[in-house]
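The values are calculated or read from the model by the stated rules, or taken from the named source; none is laboratory data. Since the structure is predicted, the reported quantities are computational estimates derived from the model, not experimental observations. Quick reminder, even Gly has a Cβ in these numbers, built from the backbone with ideal geometry, and neighbours come from all protein chains shown.
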Ligand code: SF4
């Protein structure tokens, strides 16, 4: 029964893992890009909206993993939200297919300022293996300005978390 | 002589391994579609259209081809409903029109590419400015009618692939849902063209990242068949280990996500934990959490790392230990049963009509599994059951996943216990020819076909099992309430990228 499961979990204690701190260089670089006003307004919490701009779905698997009890994203003040209108950060995956350029731009435009666009995965960086195809624009920056890139195919949850925490630290000043 | 033999008599078989391709005249092309089980896929090259048949009842696998004349070929969609989406895709990519087809609306081409007909011998002119997509008329949904329309997507409110769903609703009830996909079209077939199988394997591995291993196996087997080689036994065994680990990892993630969509978050927490532990063991064993690019034509690129087998065994044992308790939730938790049972029923006969495989087909009574038939190494040496149910609802799709988890976990243990010795791969000769490969992804049977010209891919096609699942989803969500759509959609977990190519 569920109750027995819950009781066992309580006795065992949390399974979420401690995480290494992001490199000071990354934090400094990002901090320089954030203005004081936005820091004051947002504090140490970021609402994240994921946008799939034509990914193979590999990156999505690892973004899902961020929400599992091992990485437990929310304890860092990071939270996935359902609408771009609630978002501070747009986490964009995929090489940006031409069929999604307009939808991506509209989603980014729908997020209130200040906002940050994070390109996730080698595809998001420059189109990855799909670079040069007639059907892709070739990376997130081909469609919207990008503030941070997290490379990897797909990047591991730990890598994504590190990138997001760097953003958070920079944000907190 | 059987009806099919009569149709094929006199047709010229084109060398294709391990199953032949026959070039048929237009009348035979249509007669075969009527006589055999529904085709798995239709696709084209610059001069012909092709249809893949895999008819288990007749133990028959073949590709039928028909010459395109004046830009047209006889449609199969009036005979076989599943052909409809393929015919639309063929028109968009190659420009061949399905004469007499039931649906001439574009599919992949949203009017955004630099040129139309990207796969044609000569690419078409630039597109006209994009127009709003056209949806099938639904009685009552017209202006002033009783139904209201709910457009959803392409960008969805979760971590999920993009696609557009158009719901026509009467109050809360869905009268009809039509999916419009193609948003993630990356031009994969175009990228494969001209590359060696080794170079093109990267695209097969990224057709659908959640099924990267199984698609890589199907692609590799197609390339190996075209070259007349077979990967060494150790490679075949390691591929199977990876494919079953992939299935286990996805099913763990999927079951957790499905029951979470039914508001049972404890399940998500436990399944998420086990999935993570399996992925970590996988990274320890094969160097990559999703095992991308490990399977290549000719074999595999890396051996299982020292300690990898133990790590996998350990993670699987922990998952297997908790699985009976987690499976019992489905019976014991009334709120869960209430959401799952009778929700999103695939109508009887549809799985057969669309040749739907995987958990979707098997939960709706279609007893098919590419590992058993036609089969491929090393599954012929393994014993496993193929769980089948007939209810066709979300509950059945979850139960099939649980049963498959158990089978796959046992298979992995058996494979790891006796990995054959020997080389990991053999070199692919520079060859010309055609090959077909099949592998059972967690979604069902994936088929790859390619034609090599002096070692370079001249033409190819990839049939992800989800081609059959989207039409079934549209049918299954008729009469549900809109709020149950995410649950149904998740229980299908059809690929977007996999069918958008
Ligand atoms: S970066 Fe890799 S995993 Fe992510 S979408 Fe691109 S191909 Fe898929």
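Of all helices (runs of 4 or more DSSP H) completely enclosed by the stretch B:413-501, which ones contain at least 2 residues that are over 17 Å from residue B:346 (Cα atoms) and within 14 Å of chain A (Cβ to nearest Cβ)? So that I can check it myself, show each step before the final result.
Values: elements: B:466-476, B:485-492, B:497-500.
Because the criterion is at least 2 residues that are over 17 Å from residue B:346 (Cα atoms) and within 14 Å of chain A (Cβ to nearest Cβ), the helices (runs of 4 or more DSSP H) in the stretch B:413-501 that meet it are B:497-500.
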Residue in the stretch B:116-123 that is under 30 Å from residue B:254 (Cα atoms) and under 27 Å from the mean Cα position of the chain (by Cα) present: no
Extreme residue, farthest from the other protein chains (Cβ to nearest Cβ), among residues of the stretch A:75-110 that are without any contact (Cβ under 8 Å) to a residue 40 or more places away in the chain and not in a helix (DSSP H, G or I): A:79
Scope the stretch A:56-74; condition surrounded by fewer than 20 Cβ atoms within 10 Å (Cβ to Cβ) and assigned to a helix (DSSP H, G or I); matching residues: A:74
Residue in the stretch A:111-121 that is touching a residue at least 40 places away in the same chain (Cβ under 8 Å), within 16 Å of the ligand (Cβ to nearest atom) and in a helix (DSSP H, G or I) present: yes
Number of the condition not met by residue A:132 [criteria: (1) within 16 Å of the ligand (Cβ to nearest atom); (2) in a helix (DSSP H, G or I); (3) without any contact (Cβ under 8 Å) to a residue 24 or more places away in the chain]: (2)
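Does the stretch B:56-66 contain any residue that is outside the structural domain of residue B:228 (by TED's automatic domain parsing) and part of a loop (DSSP other than H, G, I, E, B)?
Narrowing the stretch B:56-66 to residues outside the structural domain of residue B:228 (by TED's automatic domain parsing): B:56-66.
Still in the list and also part of a loop (DSSP other than H, G, I, E, B): B:59.
Checked against the condition, which is being outside the structural domain of residue B:228 (by TED's automatic domain parsing) and part of a loop (DSSP other than H, G, I, E, B), the stretch B:56-66 yields at least one hit.
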Residues of the stretch A:105-137 that turn out to be more than 17 Å from the chain's Cα centre (by Cα) and surrounded by 17 or more Cβ atoms within 10 Å (Cβ to Cβ), as a count: 8
Meets criteria (closer than 20 Å to residue B:208 by Cβ, within 8 Å of another protein chain (Cβ to nearest Cβ), surrounded by fewer than 20 Cβ atoms within 10 Å (Cβ to Cβ) and out of contact with any strand residue (DSSP E or B) (no Cβ under 7 Å at 6 or more places or on another chain)) for residue B:182: no
Of the criteria (1) more than 15 Å from the ligand (Cβ to nearest atom); (2) within 13 Å of chain B (Cβ to nearest Cβ); (3) on the phi < 0 side of the Ramachandran plot, which one residue A:162 fails: (2)
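Yes or no, residue by residue, for (1) under 24 Å from residue B:163 (Cα atoms); (2) within 16 Å of the ligand (Cβ to nearest atom); (3) modelled with pLDDT of 85 or more:
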site: A:10; (1), (2), (3): no, no, no
site: A:32; (1), (2), (3): no, no, no
site: A:51; (1), (2), (3): yes, yes, yes
site: A:64; (1), (2), (3): yes, yes, yes
site: A:78; (1), (2), (3): no, no, yes
site: A:86; (1), (2), (3): yes, no, yes
site: A:97; (1), (2), (3): yes, yes, yes
Pairs where the first residue, in the stretch B:267-291, is without any contact (Cβ under 8 Å) to a residue 24 or more places away in the chain and farther than 10 Å from residue A:68 by Cβ and the second is part of a helix (DSSP H, G or I) and within 16 Å of the ligand (Cβ to nearest atom), C-beta under 7 Å, 6+ apart: B:289/B:279; B:289/B:282; B:289/B:283
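Within the stretch B:128-140, is there a residue that is closer than 21 Å to residue A:98 by Cβ, without any contact (Cβ under 8 Å) to a residue 12 or more places away in the chain and not assigned by TED's automatic domain parsing to the domain that holds residue B:425? Walk me through it before giving the result.
Step one: list which residues in the stretch B:128-140 are closer than 21 Å to residue A:98 by Cβ, which gives B:128-134.
Then keep just the ones that are without any contact (Cβ under 8 Å) to a residue 12 or more places away in the chain; that gives B:132.
Next, only the ones that are not assigned by TED's automatic domain parsing to the domain that holds residue B:425 stay: B:132.
So far as the stretch B:128-140 goes, yes, one or more of its residues are closer than 21 Å to residue A:98 by Cβ, without any contact (Cβ under 8 Å) to a residue 12 or more places away in the chain and not assigned by TED's automatic domain parsing to the domain that holds residue B:425.
Given the criterion more than 10 Å from chain B (Cβ to nearest Cβ), within 11 Å of the ligand (Cβ to nearest atom) and closer than 17 Å to residue B:113 by Cα, identify the matching residue among A:139, A:127.
Numbers: A:127 fails: more than 10 Å from chain B (Cβ to nearest Cβ).
After applying the criteria, what remains is A:139.
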Residue in the stretch B:329-342 that is away from chain A (no Cβ under 14 Å) and surrounded by 16 or more Cβ atoms within 10 Å (Cβ to Cβ) present: yes
Verdict on residue B:117 being over 26 Å from residue A:135 (Cβ atoms) and either in the same structural domain as residue B:373 (by TED's automatic domain parsing) or part of a loop (DSSP other than H, G, I, E, B) (or both): no
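How many residues does the stretch A:138-154 hold that are surrounded by fewer than 23 Cβ atoms within 10 Å (Cβ to Cβ), under 25 Å from residue A:80 (Cβ atoms) and touching a residue at least 24 places away in the same chain (Cβ under 8 Å)? Step through it out loud before you land on a result.
Taking the stretch A:138-154 first, the residues surrounded by fewer than 23 Cβ atoms within 10 Å (Cβ to Cβ) are A:138, A:141-149, A:151-153.
With the extra rule that they be under 25 Å from residue A:80 (Cβ atoms), the set shrinks to A:141-149, A:151-153.
So of that shortlist, the ones also touching a residue at least 24 places away in the same chain (Cβ under 8 Å) come out as A:142-149, A:151-153.
The number of residues fulfilling the criteria is 11.
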